[in-house]
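The next block holds one structure in the form of structure tokens; read it before the comments.
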Amino acid sequence: MPLVTGDFILQHARKNNYAVCAFNVENMEMVQAVVSAAEETGSPVIIQTSANTVKYAHMDYYYAMVQAALKHADVPVALHLDHGDSRDLAIQAIRSGYTSVMIDASKQSFEDNMKETKNVVDVCKPIGVSIEAELGNVGGKVGDQEYGAAGYTKPNEAKEFVEKTGTTSLAVAIGTVHGVYAGEPNLDLELLAELRNTVDVPLVLHGASGLSEHDIKQCVEHGISKINYATELRIAFTEAVKEYFTIEKDFVDPKKFTGHARSIVKQVAIEKMEMCGSINRASTMNI
Ligand SMILES: [Zn+2]
């Protein structure tokens with residue numbers, strides 16, 4: 001099945017009150033694990049690469065790997081640039097074949113964030129590429145930058161932001177942080193519900209790695225349509241490789257440990273899809 005846009009998947013999720021998992025991938029095995037999890041569970045899914053990941057390998061590689069996986073799978077998949085930080089990077093993603101891009105100018109002033117987002121929307125919208133922008137501050141580490149306490153998204157600003165920029169989805173700050181949680185997350189679900197009722201585009205949750213199943217379900221119930229998982233999949237892959245080296249010492253074939261890690265990542269992806277409620281949703285989409 002060919003790639004679909006992020007909007008196609010997210011609009012369906014918003015309308016039907018579930019969330020789509022967006023998994024950050026780093027290599028071929030993670031792409032295979034995510035697509036295989038999606039296919040096995042009939043779950044639409046978003047595969048994404050961060051701005052750091054595409055410094056490691058060009059977006060052309062990730063696009064080609066996802067396309068190869070989709071030759072053998074029949075499930076709706078969108079390919080998304082996560083935490084893009086410039087119009088130039090968005091254009092590169094579009095040229096590589098990505099169907100969705102994020103422009104994250106959330107660390108800039110409200111006005112500058114709007115301006116930067118609008119610049120990317122103007123490039124993407126006419127050619128049907130989906131856009132995710134971010135408003136408010138999700139704490140933690142993005143790329144090489146470390147951010148402190150979260151600044152929650154304000155509903156009145158969110159409304160103005162979406163109307164003026166035309167972004168097709170919005171990442172909101174409701175108390176999550178990127179990376180691994182040091183303490184208990186302090187989620188503002190009332191604020192989330194208000195945001196859901198104030199803006200008419202799908203809402204995105206960053207910093208979900210480490211949230212409990214209860215928290216995830218609450219976020220979905222209160223209006224989140226896309227949940228990003230980066231850290232947890234990286235940990236799953238890396239821990240599986242380390243584990244393999246403790247069990248098997250006498251081998252030379254890299255496929256042994258990457259294959260083991262691939263099967264673990266697939267299991268984690270399926271667990272997340274179950275939590276988000278995206279299982280068996282693919283068959284109800286009009287493709
Ligand atoms: Zn993020």
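Just the residues that are touching a helix residue (DSSP H, G or I) at 6+ places or on another chain (Cβ under 6 Å) and of a type outside the set (Phe, Trp, Tyr), please, taken from the range 246-275.
Residues satisfying the conditions are 258, 260, 261, 262, 264, 265, 266, 268, 269, 270, 273, 275.
Filter the range 193-233 down to the residues that are among the charged types (D, E, K, R) and within 25 Å of residue 49 (Cα to Cα) and list them by number.
If the condition is that a residue be among the charged types (D, E, K, R) and within 25 Å of residue 49 (Cα to Cα), then 213, 215, 217, 226, 232 are the ones that fit.
Pairs needed: first member in the range 234-254, more than 24 Å from residue 180 (Cα to Cα); second member anywhere, surrounded by 10 or more Cβ atoms within 10 Å (Cβ to Cβ) and not aromatic (Phe, Trp, Tyr); C-beta distance under 7 Å; at least 6 residues apart or different chains.
Listed pairs, sorted by first residue: 248/256.
Write out, first by first residue and then by second, each pair whose Cβ atoms fall under 7 Å of each other, whose residues are 6+ apart or on separate chains, and whose first residue, in the range 47-70, is free of Cβ contacts under 8 Å to residues at least 40 places away in the same chain while the second is surrounded by fewer than 21 Cβ atoms within 10 Å (Cβ to Cβ) and not in a helix (DSSP H, G or I).
53/26; 63/97
Report, by residue number, each residue of the range 110-145 that is at pLDDT 95 or above and either small (Gly, Ala, Ser) or part of a strand (DSSP E or B) (or both).
If the condition is that a residue be at pLDDT 95 or above and either small (Gly, Ala, Ser) or part of a strand (DSSP E or B) (or both), then 128, 130, 131, 132, 133, 134, 135 are the ones that fit.
Which of (1) modelled with pLDDT of 95 or more; (2) within 19 Å of residue 25 (Cβ to Cβ); (3) touching a Phe, Trp or Tyr at 6+ places or on another chain (Cβ under 9 Å) is the odd one out, the single condition residue 209 does not satisfy?
(1)
Cβ-Cβ distance below 6 Å, separation of 6 or more or different chains: which pairs start in the range 212-232 with a residue that is closer than 22 Å to residue 27 by Cβ and among the hydrophobic types (A, V, I, L, M, F, W, C) and end on one that is more than 11 Å from the ligand (Cβ to nearest atom) and assigned to a helix (DSSP H, G or I)?
227/276
The values are calculated or read from the model by the stated rules, or taken from the named source; none is laboratory data. Just so it is clear, the structure is predicted and the values come from calculations on it, not from any experiment. Every residue, glycine as well, gets a Cβ built from its backbone with ideal geometry; the counts of neighbours run over all protein chains shown.
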